[in-house]
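Values quoted throughout were computed directly from the atomic coordinates according to the rules given, and no laboratory measurement underlies them. Note that the structure is a prediction, hence the values are computed from the model and not measured. Here the Cβ positions follow ideal geometry from the backbone for every residue, glycine too, while neighbour counts run over all protein chains shown.
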Amino acid sequence: MDSAIEVQSCSRCRSDSIVHQPYSGQHLCGKHLSSSIRKRTSKELRIQLELPKDATRLDGTPFRILVAISGGKDSAVLLSMMSEIIGRRRDVELIAVCVDEGINGYRAPSMEFARELAKSLGVRFETMAYEEMGYERMDKVVQMIPSIGQRHTEANGLMPCSYCGVFRRQSLNTMAERLDADVMALGHNLDDMAQSVLMNLQKGEVERSVRLAPHTQSPIEGIVPRIVPLRWVPEQEIHAFAIYSGLPIHHGDCPHARGAMRQQSRALVANLESQTPGARHGLLHSLDQIRDLHRHANPDSKQQVNNCTICGEITSRDICQSCTMRKWLSEDT
């Protein structure tokens, strides 16, 4: 006997809901979900990005914001929201940037979705491949990881994401410098932020937590400040909005991501949230409180960094992790 699936009505109107917020108890239809996400994104943009009425730079060019996109749902929603909220301002220029890590069957199709979205919004689109940075394609890096781990104790146990994260961050830094950006927007959602907080707490890395984006109120010398306008929006809601809005998004997962610590934290955060709705918000609120306490305890301190003795990029060590990994790879070729 077939049983009909009951669809809940939106808590704000009579339309069918497309998402449930256990932490608020609300069911939202597509229209009211869109409104809710836009409201939260606008609020965070006001907090993280204090734009004057005329943000034009001294040389007469518009204030330049890079939006890091990948073709996935989070960055697609980020770009569409930022385009809708501030994209029409003549004193602000949005540039969508995409890094090609060199992952066969994954990056090429996702990059096409990113390009399509940027074109549909009238946003300039720029790309950079790992090869341009002097790195190997990630597919090749993955093959080299076992032998690198055998030769270097520091590399033993590192997963592909460890390499890719470092290379991607350096590539984005280089793009920001080349394109003379003032700010870079990242598509981290509430789940991403909660996972990062949990991972850092697990390892006792309070300073690392303090350095998480947004950076506009505590800039790190040497890099373009990051903002994360979607940081209070759960992943499920972003996905529902992307589907509802018909955004061009790639649904595949990176084939090299299995086994990464991020995946373990993802499961832990999801379990916490299912048992205690609002746990993700609690973790992020904790981060903000830790950041405030750290700022008040160190009112005159800036986020200190060194410059890599090889490439000059900022680092907490003498030689940055990017150059260290590049050296490991060169020994294996």
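When the Cα atoms of region 181-239 are aligned to their principal axes, the ranges along those axes come out at 33, 29, 13 Å in descending order. Note on residue 140: lysines with a C-alpha under 21 Å away, same-chain residues under 8 apart excluded, are 327.
Quick one: dipole size for region 75-169, taken about the Cα centre, charges +1 on Lys/Arg Cβ and -1 on Asp/Glu Cβ, in debye to the nearest 20. Don't skip to the answer; put the middle values down first.
On the way: 12 positive and 13 negative charges, 35 e Å.
So the dipole magnitude of region 75-169 works out to roughly 160 debye.
For residue 127, the residues 5 or more places off, or on other chains, whose built amide H falls under 5 Å of its own are 98. Between region 69-145 and region 261-291, the alpha-carbon centres lie 27 Å apart. Each of the peptides 305-313, 70-78, 207-215, 111-119 was scored by the mean count of other Cβ atoms within 10 Å over its residues; in descending order, highest first, they stand as 70-78, 111-119, 207-215, 305-313.
A simple packing score, the average count of other Cβ atoms within 10 Å per residue, orders the peptides 164-170, 293-299 as 164-170, 293-299, with the highest score first.
Mean sequence separation of contacting Cα pairs (under 8 Å, at least six apart), scaled by the length of region 34-297, corresponds to a relative contact order of 25 percent.
The angle separating the long axis of helix 73-86 from the principal Cα axis of greatest extent in the chain is about 70 degrees.
Past 23 Å, Cα to Cα: identify those pairs from 39/203; 53/119; 31/73; 39/119; 39/73, in the order given.
Details: 39/203 34 Å; 53/119 27 Å; 31/73 18 Å; 39/119 25 Å; 39/73 18 Å.
Flagged as over cut-off: 39/203; 53/119; 39/119.
Pairing the Cα long axis of helix 190-202 with the longest principal axis of the chain, what angle in degrees results, from 0 to 90 and rounded to the nearest 10? Approximately 50 degrees, to the nearest ten.
The angle between the Cα long axis of helix 235-245 and the longest principal axis of the Cα atoms of the chain comes to about 70 degrees, rounded to the nearest 10.
Summed over qualifying helices (DSSP H, 4 residues or more, each -39500 (n - 2.57)) and divided by its residue number, the chain shows a 222 nm mean residue ellipticity of -15000 deg cm²/dmol.
Applying 0.36 nm per residue to the separation of residue 169 and residue 144 and subtracting their alpha-carbon distance, the gain on full extension is 6.9 nm. Each 5 Å bin, from zero up to the one with the longest distance, holds this percent of the alpha carbon pairs of region 34-297: 1, 6, 12, 16, 19, 18, 15, 9, 4, 1, 0, 0.
Hydrodynamic radius of region 1-80 by the Kirkwood approach over all distinct alpha-carbon pairs: 16.0 Å.
With the Cα gyration tensor of region 220-333 giving a ≥ b ≥ c as the square roots of its eigenvalues, does the rule (a/c under 1.5 for rounded; else a/b larger than b/c for prolate; else oblate) give rounded, prolate or oblate? Cα axes put region 220-333 in the oblate bin.
According to the calculation over all Cα-Cα pairs in region 136-256, the P(r) per 5 Å bin from zero is 2, 9, 13, 17, 19, 19, 15, 5, 1, 0 %.
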